Amino acid sequence: MNIASMKEVVSAEEWALRVQLAACYRLVALYGWSDLVFTHISARVPGPDHHFLINPYGLMFDEITASSLVKVDRQCRKVIDSPFPVNPAGFTIHSCIHDARADVGCVLHTHSRAGVAVSAQKCGVLPISQQSTFVLASLAYHDYEGVALRDDEKPRLVADLGERNFLMLRNHGLLVVGPTVPDAFLSMYIFENTCRIQIDAQAGGELVQVNPAILQGMAQVMKTATAGQGAQIAWPALLRKLDRTDPSYRD
């Protein structure tokens, strides 16, 4: 694809965000969490205009570049002209979360096989792995209401998420929020592995659950284990991984 560079069109701050978000799309594809061209990862553009970056609808996640990302407003209308379409219906979930949570810079939603599988289980996430303890410390659930197209679902979804960072969409998939793109990606990595481990463990013998007392202390553990910098520690290595194979996400 011959896509004109946006590097000289947007601010340096927005360009850096575009590179991060394009990298996130590539990593989601690399780790096998994408669903063809469906689902979205959105990022709030810094500034007072309430603009967001989202994927060009129809591109595979491993095709997305910094310049191909589409800048939209709250109604998912293009702010900068782009040859690519956008999917306003797909932005329904993202827009209401961005509106309700000023602390959220990135919303990442997936339909991964393991995520959907656990979302269909009545028990939800079980406390059976170290990964699950991080998720359970900030997990909410939202019941399935059909394909997320209706505005009237937004208040219920926002209320269910509250101030938490992990949201299991029942019979649908996984959603995480974070202050930055790296934070959201790391949260989804943990959430996805929590679900994969659970499905694998359920295929074996009797499960051993984590002591509830440990779960109660996880909020403090999350603040101190990496001083809140886990994503920033892992992110440069993830970018190096992408750069070794295909650095075109930076274009």
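Rule-based calculations on the coordinates, nothing more; no lab input. In this text the structure is predicted, and so the values were computed from the model without any measurement. Reconstructed Cβ throughout: ideal geometry from the backbone, glycine too, with neighbour counts over all protein chains shown.
By the count of neighbouring beta-carbon atoms within 10 Å, fewest first, VAL79, VAL116 end up ordered VAL79, VAL116. Please work out the Cα center distance from segment 97-133 to segment 1-20, rounded to the nearest Å. About 30 Å separates the Cα centre of segment 97-133 from the one of segment 1-20. Each residue of segment 191-199 is assigned a 3J(HN,Hα), and the resulting list reads 4, 4, 5, 4, 6, 5, 4, 4, 4 Hz, derived from the Karplus form 6.51 cos²θ - 1.76 cosθ + 1.60 (θ = phi - 60°), x at Gly and Pro.
Stretching GLN130 away from SER11 to a fully extended chain increases their span by 38.8 nm, per 0.36 nm per residue minus the current alpha-carbon distance.
Taken along the Cα-to-beta-carbon direction at a fixed 7 Å, the label points for ASP49 and VAL37 span 2.6 nm. The share of alpha-carbon pairs in the chain lying farther apart than 27 Å comes to 34%. Taking each residue as 0.36 nm, the span from ALA89 to ILE233 lengthens on full extension beyond its C-alpha to C-alpha distance by 48.4 nm.
The calculated FRET efficiency for ILE80 paired with ASP160, based on their beta-carbon distance and R0 = 41 Å, is about 0.80.
With a simple spin-label model that places each label point 7 Å from the Cα along the Cα-to-Cβ direction, the separation between ASP73 and GLU153 comes to 2.5 nm.
Using 0.36 nm per residue and subtracting the Cα-Cα separation, the extra length available between ILE214 and ALA201 on full extension is 2.7 nm. From the alpha carbon centroid of segment 47-83 to that of segment 135-160 is 23 Å.
Taking θ as phi - 60° and the Karplus parameters 6.51, -1.76 and 1.60, the scalar couplings of segment 4-16 work out to 5, 5, 9, 4, 8, 8, 9, 5, 4, 5, 5, 5, 4 Hz in sequence order, x denoting glycine and proline.
Each of ALA29 and ALA4 was given a label point 7 Å from its Cα along the Cα-to-Cβ line. The distance between the two points is 2.3 nm.
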